[in-house]
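Trainee: Dropping a structure here in structure tokens format, bear with me for questions.
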Amino acid sequence: MNVVVCTKQIPDPAAPYQLDAETHFLERPTDQILDDTDRYGVEMGLQVAEQTDGSVTLVSMGPAGTLQGIRQALAMGAAKAIVIEDPALRGADSWTTAQVLAAAIKREEFDLVIAGTESTDGSAGVLPQQLAELLGVPSLTFAKHLEQEDGTIRIQRQTGYGYDVVESPTPVLVTVTSGVVEPRYPTFKGIMEAKKKSIDVIGLGDLGVSPTLTQRIVEVRSAPERVSGEVIEDDGQAYQRIVQALEQAKVI
Amino acid sequence: MKVWVFIEESQGEPDPIGLELLTKARTLTDAPAVTYLGKGSDEAFAQLGSYGATTIYHIPTDDHLPSAAAAAALAALSGTYDPDVIMFGSTPTDRDVAGRLSARMGLPVISNGVDVLVDGESVTVVNEIFGGGQIVETAFAGRTPYLVVLRPKSFPAEPGGQTTPTVETVALPDVGHAGAALVTGSHVEEREGPQLEDASIVVAAGRGMGSAENLSLIQRLAELLGAAQGATRAVVDAGWVPYSSQVGQTGKTVKPDVYIACGISGAMQHVVGMKDAKVIIAINKDEEAPIFALSDLGIVGDVNKVLPKLIEALEARK
């Protein structure tokens, strides 16, 4: 199967995130990393491609920067990458992003599109469904398990009370949770090969998409901070303080 | 202002988040309408009436995954009745339908919201970002309907505005290949103790518990307190507990009287699901852990040493 995996480069979540004071957009350094959530999609895509003699193409929108996040995914084994970068896309919402990704994916032959359930930096959680609608394919979302058999994709879809088994003919879009597979670590060989793989960086003009602004941020403010209480070192008796706290809260 | 609430049926009843949204919708309009996706029943419709729904557009489901066809049905209804706002809950199916509807109608959707503000014709969505540290308000600037996805527990669910709603049934349209997915099985995980979302005490486990075996401490403490058990995503991904225990951005939102965070560092994605607990007690060996910044009581220490003593003390009180 030909698999397309949607990937995103994000600012390293280990450092605090900042909004630009003027635009209110998230500040993005040039050396963004692969969203950890996407490693699961890339791994799942690679497994399906390996089982079916196919290949994995990465599609990503956002400032290309050093492309180190994309190379992380290529080093895992993806064959090539398409990156859409355009100044007009700064601060794009999920609907704009979905239109851009759909236009890029339609230029490829695909049987399976994989995305994370939501990005770590944006957390919108609706983009894959918008993308599936634009591609005219079913959206199998929140997959915690995925298997393929003769052109049918079957997943376990997480629900609030357990999971449903859902199956669909291809082409289809699947969103995966971070429990779906154990992502492989890039090998040294993979990292070396990734340097030579094709990364096609294109702009909006190449896709014929012109985004329109349909929402605007009107206010950004700090939330009232929760006042932190006492922090104590356990000297072997700290459990008594927890008992006291539970008594004060009148739950015991 | 015409306000609609999309509600999915969950195990035969309106999903609880739908009742939260309907409660909010009553403050925005005198006549909230509900689009109800599921088998439907007189009891379910009566319950929606007791929360003030004046009209119910019932979209019955079959064994197909309904998201694509439900979005098409909603788009058609919207074309006929012209709502200003459609509210969705932040649940898997609601997100599927909202996303597909957005693309079908060529409209944006603002998701992950915690409130909707209406001022005349203007509609603004309030979001909490960076684990709740910052608040962002975003106004819609284009065509209606404005599509909003709201987080669980953003509003209390309170009956009111009792009505006997009119029910109009709308068939799922044929959307071809996009609607081809089938639901072939459904598994309900066995759970003991109170529901996580409704529990007044939650005892939650993080990676710092060290191993799946050590979670027996969490289980015992929860039993003693009549608490529900929660977990971080890392613990769920490790396969130690099922996803239904997950608290946070991609899991459940809880607002208990007491939240006991055991071996939890306090990543943004977890905090967003529990920061509104009345009292937060945290045990973690790393004194720099962000969880301590929002804790009422923080214990720097080995959770696997503190918990057995706490359990012993509570057992002695019984």
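Trainee: How many of the residues in region A:47-74 are assigned to a helix (DSSP H, G or I), over 20 Å from A:GLU118 (Cα atoms) and within 17 Å of the chain's Cα centre (by Cα)?
Mentor: Final tally of qualifying residues: 3.
Trainee: Further, regarding this structure: So which residues in region B:57-71 are surrounded by fewer than 23 Cβ atoms within 10 Å (Cβ to Cβ) and within 14 Å of chain A (Cβ to nearest Cβ)?
Mentor: B:THR61, B:ASP62, B:ASP63, B:HIS64, listed by residue number.
Trainee: Can you pull out every residue in region B:280-299 that is within 21 Å of A:ALA14 (Cα to Cα), within 7 Å of chain A (Cβ to nearest Cβ) and assigned to a strand (DSSP E or B)?
Mentor: Result: no residue meets the conditions.
Trainee: Of everything in region A:87-107, what is part of a loop (DSSP other than H, G, I, E, B) and at pLDDT below 95? Give them in sequence order.
Mentor: A:ARG90, A:GLY91, A:ALA92, A:ASP93
Trainee: Scan the strands (runs of 3 or more DSSP E) fully inside region A:153-252 and keep the ones with 3 or more residues being surrounded by 18 or more Cβ atoms within 10 Å (Cβ to Cβ) and modelled with pLDDT of 95 or more.
Mentor: The strands (runs of 3 or more DSSP E) meeting that bar are A:162-169, A:172-176.
Trainee: If you don't mind, there's one more thing I want to ask. Looking only at residues in region A:13-46 that are free of Cβ contacts under 8 Å to residues at least 40 places away in the same chain and within 13 Å of chain B (Cβ to nearest Cβ), which one is nearest to A:LEU127 (Cα to Cα)?
Mentor: It comes out as A:GLU27.
Trainee: I'd like the residue in region A:126-144 that is of a type outside the set (A, V, I, L, M, F, W, C) and at pLDDT 95 or above and, out of all such residues, is surrounded by the fewest Cβ atoms within 10 Å (Cβ to Cβ).
Mentor: Residue satisfying both the conditions and the ranking: A:GLY136.
Trainee: Considering only residues of region B:181-194 that are without any contact (Cβ under 8 Å) to a residue 24 or more places away in the chain and among the charged types (D, E, K, R), which is nearest to the other protein chains (Cβ to nearest Cβ)?
Mentor: Step by step, filter region B:181-194, then rank; the result is B:GLU190.
Trainee: Still on this model: Can you go through A:PRO186, A:PRO211, A:PRO224, A:PRO171 and tell me which one is more than 7 Å from every other protein chain (Cβ to nearest Cβ), of a type outside the set (S, T, N, Q) and farther than 30 Å from A:ALA79 by Cα?
Mentor: Answer to the check: A:PRO224.
Trainee: Would you tally the residues in region A:134-151 being farther than 16 Å from B:PRO92 by Cα and either within 10 Å of another protein chain (Cβ to nearest Cβ) or part of a helix (DSSP H, G or I) (or both)?
Mentor: Of the residues in that region, 4 qualify.
Trainee: Give just the number: which of (1) in contact with a strand residue (DSSP E or B) (Cβ under 6 Å, 6 or more places away or on another chain); (2) more than 9 Å from every other protein chain (Cβ to nearest Cβ); (3) buried (at least 24 other Cβ atoms within 10 Å of the Cβ) does B:HIS270 not satisfy?
Mentor: (1)
Trainee: If a residue counts only when it is in contact with a Phe, Trp or Tyr (Cβ under 6 Å, 6 or more places away or on another chain) and farther than 23 Å from B:LEU107 by Cα, which strands (runs of 3 or more DSSP E) contained entirely in region B:1-95 have at least 1 such residues?
Mentor: Output list reads B:55-59.
Trainee: Residue by residue through region B:117-144, note down the ones that are touching a residue at least 60 places away in the same chain (Cβ under 8 Å) and closer than 27 Å to B:ALA69 by Cα.
Mentor: Once the filter is applied, which keeps residues that are touching a residue at least 60 places away in the same chain (Cβ under 8 Å) and closer than 27 Å to B:ALA69 by Cα, region B:117-144 yields only B:THR144.
Trainee: Any idea which residue in region B:213-237 is nearest to A:LYS250 (Cα to Cα), counting only those that are of a type in the set (Asp, Glu) and either part of a helix (DSSP H, G or I) or in contact (Cβ under 8 Å) with a residue 40 or more places away in the chain (or both)?
Mentor: Out of the qualifying residues, it is B:GLU223.
Trainee: Quick test for you: out of A:SER55, A:SER123, pick the one residue that is under 26 Å from A:LEU146 (Cα atoms), more than 13 Å from chain B (Cβ to nearest Cβ) and surrounded by fewer than 23 Cβ atoms within 10 Å (Cβ to Cβ).
Mentor: That would be A:SER55, the only listed residue that is under 26 Å from A:LEU146 (Cα atoms), more than 13 Å from chain B (Cβ to nearest Cβ) and surrounded by fewer than 23 Cβ atoms within 10 Å (Cβ to Cβ).
Trainee: What tally of residues in region B:133-153 results from selecting those that are in a loop (DSSP other than H, G, I, E, B) and closer than 13 Å to B:THR91 by Cα?
Mentor: Number of matching residues: 3.
Trainee: Moving to a separate point now. Which members of region B:22-37 meet the condition of being within 30 Å of B:ASP63 (Cβ to Cβ) and among the polar types (S, T, N, Q)?
Mentor: B:THR35 - this is the single residue of region B:22-37 that is within 30 Å of B:ASP63 (Cβ to Cβ) and among the polar types (S, T, N, Q).
Here's the yes/no breakdown for (1) out of contact with any strand residue (DSSP E or B) (no Cβ under 8 Å at 6 or more places or on another chain); (2) free of Cβ contacts under 8 Å to residues at least 40 places away in the same chain:
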| site | (1), (2) |
| --- | --- |
| A:VAL48 | no, no |
| A:THR66 | yes, yes |
| A:ALA79 | no, no |
| A:ASP86 | yes, no |
| A:VAL100 | no, no |
| A:ALA103 | yes, no |
| A:PHE110 | no, no |
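Trainee: Just to verify a result, which residue in region B:218-272, among those that are among the aromatic types (Phe, Trp, Tyr) and closer than 21 Å to A:ALA143 by Cα, is modelled with the highest pLDDT?
Mentor: Step by step, filter region B:218-272, then rank; the result is B:TRP240.
Trainee: Return the residue satisfying two criteria in turn: it lies in region B:96-113 and is in a strand (DSSP E or B) and at the interface with chain A (Cβ under 7 Å from one of its Cβ atoms), and of such residues it is surrounded by the fewest Cβ atoms within 10 Å (Cβ to Cβ).
Mentor: Among those residues, the one meeting the criterion is B:ASN112.
Trainee: Take the residues in region A:18-28 that are over 17 Å from the mean Cα position of the chain (by Cα) and in a loop (DSSP other than H, G, I, E, B); name whichever of them is surrounded by the most Cβ atoms within 10 Å (Cβ to Cβ).
Mentor: That would be A:HIS24.
Trainee: Taking the residues in region B:121-180 that are basic (Lys, Arg) and closer than 29 Å to B:GLY49 by Cα as candidates, determine which candidate is farthest from the other protein chains (Cβ to nearest Cβ).
Mentor: B:LYS153
The values are calculated or read from the model by the stated rules, or taken from the named source; none is laboratory data. Note that the structure is predicted; figures quoted are calculated from it, not measured. Note: ideal-geometry Cβ built from the backbone for every residue, glycine included; neighbour counts use all protein chains shown.
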